[in-house]
Amino acid sequence: MDVNGTKFHLLLNRTDWGNCKAGQDGETLGEIWTRESAGETVTGQQFDWDEAKGEITLKRRLFKFTASPKDDKPDLNNRRGAARDRYGNWYWIDETGLKIRVLSIGSNNVSLFYPVAESGCEAETKNGFQPFETIKQTPVSLRGLTVTIDHYLVVGTIQPAGLLIFDLFAAGEP
């Protein structure tokens, strides 16, 4: 009893906790732990003693994660990459592995980041001259994406092997 007349019972170590009744038959934790250390399986026992921390814990249980019926198993070919910049915009390589998409934090819209969409405008002619041919970009297989501390978006390419580096402050091609 303390100075306020409150009754306390200090449970400090394994022996103190072992004297508490926890079993269905009025069995103490110490008796249950002794039976368990002998290799006996005790049903309904919900507590363990953590020797390293010197504390009582809830009994450990193995959680088995079950996937949904239509869930695909992880495949290394599906690992592409995603990252967030300092302003909260999310960048990721899409499911084709050929494009980079961005979720802009300001508008909350998903848009194509790379390759830049064609404008659809006719080629400008000056003095009767026009470009001989339009240059088409060949698709590049992309894998691995990160945003650096200097605010660059770095994306790995498979074929041809290399890196695309985008300056996120100064928009434009890599």
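The values are calculated or read from the model by the stated rules, or taken from the named source; none is laboratory data. Because the structure is a prediction, the values reported are computed rather than measured. Don't worry about glycine lacking a Cβ; one is built from the backbone with ideal geometry, like all the others, and counts go over all protein chains shown. In case anyone asks, the SASA skips ligands and DNA or RNA and just uses the protein heavy atoms, side chains included. Shrake-Rupley method; radii C 1.70, N 1.55, O 1.52, S 1.80 Å.
Could you work out what % of the accessible surface of the range 60-116 is carbon and sulfur, using a 1.4 angstrom probe and leaving DNA, RNA and ligands out of the count?
For the range 60-116, the apolar C and S fraction of the accessible surface comes to 52 percent.
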With R₀ set to 22 angstrom, the calculated FRET efficiency between the beta-carbons of Leu76 and Ser141, to the nearest 0.05, is 0.95
Ranked output for segments 73-84, 142-153 by mean other Cβ atoms within 10 Å, highest leading, reads 142-153, 73-84
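For a protection proxy built on the mean count of beta-carbon atoms within 10 angstrom, sort 95-106, 31-42 highest first, please. Before the final figure, lay out each step's value.
Numbers: 95-106: 14.5, 31-42: 12.4.
By packing density, highest mean first, the sequence is 95-106, 31-42.
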For Kirkwood radius over Cα pairs in Å the list reads (1) 16.3; (2) 15.6; (3) 23.2; the calculated value is entry (3)
